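The values are calculated or read from the model by the stated rules, or taken from the named source; none is laboratory data. Bear in mind that the values here come from a model prediction, so they are computed numbers and not experimental data. Here the Cβ is made from the backbone with ideal geometry for all residues, glycine too, and neighbour counts use every protein chain on show. The accessibility values were calculated without ligands, DNA or RNA, using every heavy atom of the protein model including side chains. Shrake-Rupley method; radii C 1.70, N 1.55, O 1.52, S 1.80 Å.
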Amino acid sequence: MPNASGAQVAFLCLRLQRRFNSLLPAWQITRQNPLCRPCAADLTLPLPHMKNFIPPFLAVLLLLVPLQLSAGAPDEAGTWLARGRELLAQNQLEQAHKAFERALRLAPKNRDALTHLGEIEVAWGKWGKADDRFDEILKRNPNDLTAHYYRGLCHREMATTKALLLKKIDFDKAEKHFRTVLAQDSLFQDTVYQLALVKRYREDYEEAIRLGHLAVRLRPDLAGPQMGLFRLYRFLLDHRGADEALRWLAQWQNDYARYATGECYRLHDQETEADSIFRELLERPAALNLQPVRLSRARVFYRTEQSLIAQSFFWQAVDSIRSQLDAGFIFEDMKYIVSDAEYDTYLTLQTPEEFRVFFQKMWVSRDPLPAAQVNLRLAEHYRRLRFAEKNYAFDGFRTWFNSPDRSQYLKYTKVYFLNHEFNDKGLVYLRQGPPDDTALSVSQRANPNESWRYYKTPERGELTFHFVIADNAVGNNWRLTPIITDPDMLSERLHWGPVYLRLLNATESERLTYENEMADQSVKSVRAGLDTDRHTWHEKIEPLAMAFYTAAFKGTAGRDELALYYAIPANQITKEHAAEAGPILLEKGAVLHDMGWHELERVDKQIALHPESPRQFARGLFIDAHHFSAAPDSYRIAFHARLAKATPVRVGGFSFELALPDYNSGGLVLSDLLLAFAVAPATSAGPFVRNGLALLPNPYKQFSLSQAVQLYFEIYNLTLNPEGRAQFLLEYTVQALKGKSGGFAGLFGGGDKTKISLTFEREANSRDTFEQTGLDLSAAKPGEYELTVKVTDRTSGASAEAKSMMRLD
């Protein structure tokens with residue numbers, strides 16, 4: 001777009017501004033450049049992963065600065081300036097920066113080029129370089145509000161890396177620039193809130209809160225100050241004693257202070273007092289957004305282990321989303337564990353329904369037992385949040401200066417920079433849970449240190465994280481480090497792998513090689529560990545063994561009937577159960593979701609089991625079924641069972657995806673094959689009755705050679721001949737699986753065979769029919785087999801087949 005007119009560029013900028021206003025929450029800030037500390041996220045200016053996203057303030061400033069070069073500027077400079085804007089619109093910040101630099105060389109001191117370069121450098125956290133750009137603008141126009149605004153940001157952030165006197169000088173300069181803006185335009189962007197953050201940095205939390213309220217009153221249209229005001233109150237609670245904070249809050253008669261009072265009680269484990277305040281705010285019209293109140297009530301009830309009640313408040317918050325701001329409060333609780341891919345998706349959401357679906361999918365997909373009434377992963381997340389609040393809180397300055405990774409080995413995910421409340425230990429803990437192994441050294445010559453190890457799982461490899469408090473760090477500022485070299489620290493971790501011993505005994509010429517080896521391991525662990533999360537059980541759990549299979553049949557009104565059969569060994573249920581203790585309570589549930597994680601059907605029950613009852617137990621198993629009705633499509637199914645009063649808790653479950661066929665398409669088709677222990681005429685209704693037959697399914701699909709394998713299936717859409725009858729051929733094939741033993745000895749003429757087939761001619765009086773048969777496989781050898789049933793329609797010539805695995809012993 002080198003030749004684009006000013007009007008075209010303005011139109012592009014307007015579209016860009018509107019797009020990012022709808023996509024990016026104004027309170028979120030991330031940093032890619034390691035020189036930039038996450039604490040700077042208190043800016044309301046959104047700074048996501050800068051190489052992939054354009055900050056909205058860049059789009060806004062494109063509208064604020066003149067689109068034409070100053071008079072007399074070379075035409076070529078105008079071409080490069082237009083090119084830079086085009087690249088900016090395409091999120092290509094590095095290329096845009098180069099284009100603006102070319103424009104500046106051709107037209108020195110051009111305001112447009114200086115402004116765009118400064119904005120990008122602010123986005124990258126290059127505060128000193130950006131400050132020079134805006135200072136150059138102010139030399140020619142001391143009243144340029146945009147330049148004052150950005151110089152205020154730059155000096156505030158530069159202050160965080162300096163010693164006391166220099167820090168004070170920069171903070172004073174930041175305040176001066178912000179007050180210069182306000183003296184001319186008190187509504188300019190979010191300047192009042194940015195000034196409040198200077199006070200917060202200077203630990204004047206009370207004045208920061210006063211300015212935060214002023215920012216909300218002056219610019220109620222901005223999301224940043226509204227969210228930021230809650231955070232300013234939280235800074236007060238975290239840095240003042242409880243008694244001092246409560247006394248100060250009692251002076252203020254507003255709902256924010258009332259909510260903060262409740263949070264103060266919650267943070268000090270006074271849940272009853274806290275919830276009485278939260279309940280009061282929800283029961284009357286309150287002059288603040290109620291999402292934080294709902295989420296705080298959820299935290300209270302999770303803390304008191306009332307998970308169902310807690311969960312109800314969380315989903316109330318989700319269901320109450322009416323704006324991006326509403327969603328943002330929820331995301332603030334969730335941001336610690338989202339993946340980069342989920343974050344990218346979140347940034348594209350626009351409508352309340354899209355936000356609601358995002359949170360629903362996020363938690364259902366993580367739940368280890370989606371069919372349970374309580375979302376266990378959500379409950380575990382809030383349990384971890386409370387633990388992190390008590391042990392890993394840190395909202396101080398996280399700079400390159402106090403980072404142990406001075407060589408910048410570690411490459412962080414985008415979502416890493418969303419965390420401003422906890423140290424690196426806390427973030428890893430929120431994602432991965434408590435470590436499987438820890439190590440630390442208390443040597444006087446070593447920095448405070450600790451390493452966490454997470455064992456290998458089927459989903460990912462082993463993860464190892466090393467944390468230290470660096471020489472220039474203070475407080476609870478535990479940071480990730482790629483390498484540990486202190487001999488005492490290495491000695492404590494020798495059992496974790498050979499690299500620790502190698503580095504401990506390394507010569508000077510070998511040291512760099514082994515340091516790089518350890519750094520490579522850390523880079524992989526940090527990347528995987530900060531882009532994934534896992535569920536852990538905070539109480540002792542024993543698995544409840546079970547088996548299952550599904551069978552789909554033709555239903556009514558164009559839908560399918562899906563039967564989920566499962567079995568639990570009786571000895572798993574009766575384990576440690578005294579006969580005189582009465583019935584055993586079994587909680588069970590099943591749920592059907594579509595592929596977008598929308599819940600379609602749910603069954604939750606608690607039943608009393610009597611171990612001596614032959615109606616409940618057969619073949620040494622408790623066998624049961626759940627039935628769903630659904631249209632042909634793909635679905636997610638989950639099931640769980642839990643012994644209600646077992647110690648330790650015994651839980652079992654499974655989840656899987658399944659595609660239901662269209663049995664009404666008109667073509668010949670078979671249902672799934674139902675393998676059963678027994679088939680007999682039904683004498684009453686029940687979960688195993690179909691077409692007048694009582695079917696006792698075998699979810700293990702494992703049969704004794706001494707008994708026939710009972711088989712039931714249905715055939716749909718046969719063709720009727722002129723006499724109104726359907727004629728068809730059935731072929732049963734049993735094939736031994738390779739490498740799984742099996743075979744048939746001397747069957748039908750001697751010699752070993754791996755496959756047998758039997759055929760039968762059949763007739764029916766309707767287009768849909770069913771078949772039940774017993775297969776005598778006593779001549780087979782123990783092993784695993786594949787059973788295939790093929791039907792051929794004699795009238796139309798069409799054929800169809802269905803398969804099932806089974807084991808013979």
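Pairing the Cα long axis of helix 223-239 with the longest principal axis of the chain, what angle in degrees results, from 0 to 90 and rounded to the nearest 10? Once rounded, the angle reads 90 degrees. Looking at the chain, the accessible area is 43 square angstrom per residue; that uses a 1.4 Å probe and ignores ligands, DNA and RNA. Each other residue within a Cβ distance under 12 Å of V649 adds +1 if Lys or Arg and -1 if Asp or Glu, for a net charge of +1. Once C-alpha pairs closer than 8 Å and six or more residues apart are averaged by separation and normalised to the residue number of the stretch 160-226, the relative contact order reads 25 percent. In the chain, the longest principal axis of the Cα atoms and the axis of helix 324-334 are about 70 degrees apart. For T513, the solvent-accessible surface computed with a 1.4 Å probe is close to 90 Å², ligands and nucleic acids excluded.
By the equivalent-ellipsoid construction on the alpha carbon gyration tensor, the stretch 631-728 comes out with semi-axes of 33, 21, 13 Å, ordered largest to smallest. 3J(HN,Hα) along the stretch 264-270, derived from phi through the Karplus expression 6.51 cos²θ - 1.76 cosθ + 1.60 where θ = phi - 60°, amounts to 4, 5, 4, 5, 10, 6, 9 Hz, with x in place of Gly and Pro. Under a 5 Å amide H cut-off, with hydrogens placed 1.01 Å from N, D437 pairs with R453 among residues at least 5 apart or on other chains. Shape summary: the stretch 199-319 maps onto an equivalent ellipsoid whose semi-axes, from the alpha-carbon gyration tensor, are 24, 18, 12 Å in decreasing order. Computed from the C-beta positions of E353 and S312 and an R0 of 22 Å, the FRET efficiency is 0.60 to the nearest 0.05. Among the listed pairs K753/K781; K456/K740; K755/K790; K755/K803, give every one whose C-alpha distance is greater than 22 Å. Going by Cα-Cα distance, K456/K740 fall outside the 22 Å limit.
In the list [x] -0.41, -1.08, -1.26; [y] -0.55, -1.11, -1.23; [z] -0.63, -1.30, -1.37, the label attached to log10 I(q)/I(0) by the Debye sum over Cα atoms at q = 0.06, 0.10, 0.11 Å⁻¹ as derived from the coordinates here is [y].
Share of carbon and sulfur in the accessible area of the chain stands at 51%, probe radius 1.4 Å. Annotation for the stretch 757-787: GluC sites (Glu not before Pro) lying in DSSP loop with at most 16 further Cβ atoms inside 10 Å of their Cβ do not exist. Which loop-located GluC sites (Glu not before Pro) does the stretch 580-626 contain, where loop means any DSSP state but H, G, I, E or B and the Cβ has at most 12 other Cβ atoms within 10 Å? Qualifying residues, ordered by number: E612. Accessible area per residue (1.4 Å probe, heavy atoms of protein chains only) ranks I584, I309 as I309, I584, with the largest value leading.
Across the stretch 176-185, rounded Karplus estimates of 3J(HN,Hα) from the backbone phi angles (6.51 cos²θ - 1.76 cosθ + 1.60, θ = phi - 60°) give 4, 5, 5, 6, 5, 4, 5, 5, 9, 7 Hz, Gly and Pro being marked x. Residues whose amide H comes within less than 5 Å of that of N698, counting only those at least five positions distant or on another chain, are L675, A676, F677 (H built at 1.01 Å from N in the peptide plane).
Legend: distances between Cα atoms for K126/K361; K199/K411; K199/K414; pairs beyond 30 Å are K126/K361; K199/K411. Restricting the calculation to Cα atoms, the stretch 621-661 shows an Rg/Rh of 1.11 when the hydrodynamic-style radius is the Kirkwood one. Near E462: Cβ cut-off under 14 Å, other residues only, Lys/Arg at +1 and Asp/Glu at -1. The net charge is +3. Are there chymotrypsin sites (Phe, Trp or Tyr not before Pro) in the stretch 712-809 that DSSP marks as loop and that have at most 16 other Cβ atoms within 10 Å, and which are they? Answer in residue order: F748. Karplus-derived 3J(HN,Hα) values for the stretch 762-772, using 6.51 cos²θ - 1.76 cosθ + 1.60 with θ = phi - 60°, are 9, 9, 8, 9, 8, 6, 10, 8, 9, 9, 9 Hz; glycine and proline are entered as x.
For R619 and E271, a Förster radius of 45 Å and the Cβ-Cβ distance give a FRET efficiency of 0.40, rounded to the nearest 0.05.
Separation of the stretch 462-536 from the stretch 277-339 is 38 Å, based on Cα centroids. Helix 111-123: angle to the longest alpha-carbon principal axis of the chain, degrees 0 to 90, nearest 10? Taking the Cα atoms of the chain, the angle to 111-123 is about 50 degrees. Measuring nothing but how far apart in sequence close Cα pairs (under 8 Å, 6+ apart) lie, relative to its length, the chain scores a relative contact order of 7 percent.
The relative contact order of the stretch 321-434, computed from alpha carbon pairs under 8 Å that lie at least 6 residues apart in sequence, is 33 percent. Straight-line reach from K645: taking Cα to Cα under 29 Å and skipping same-chain neighbours fewer than 8 places apart, the lysines in range are K540, K575, K588, K605. Given the DSSP H assignment, sum -39500 (n - 2.57) over each helix run of at least 4 residues in the chain and divide by its residue total; what's the result at 222 nm in deg cm²/dmol, nearest 500? Per the formula, -12500 deg cm²/dmol.
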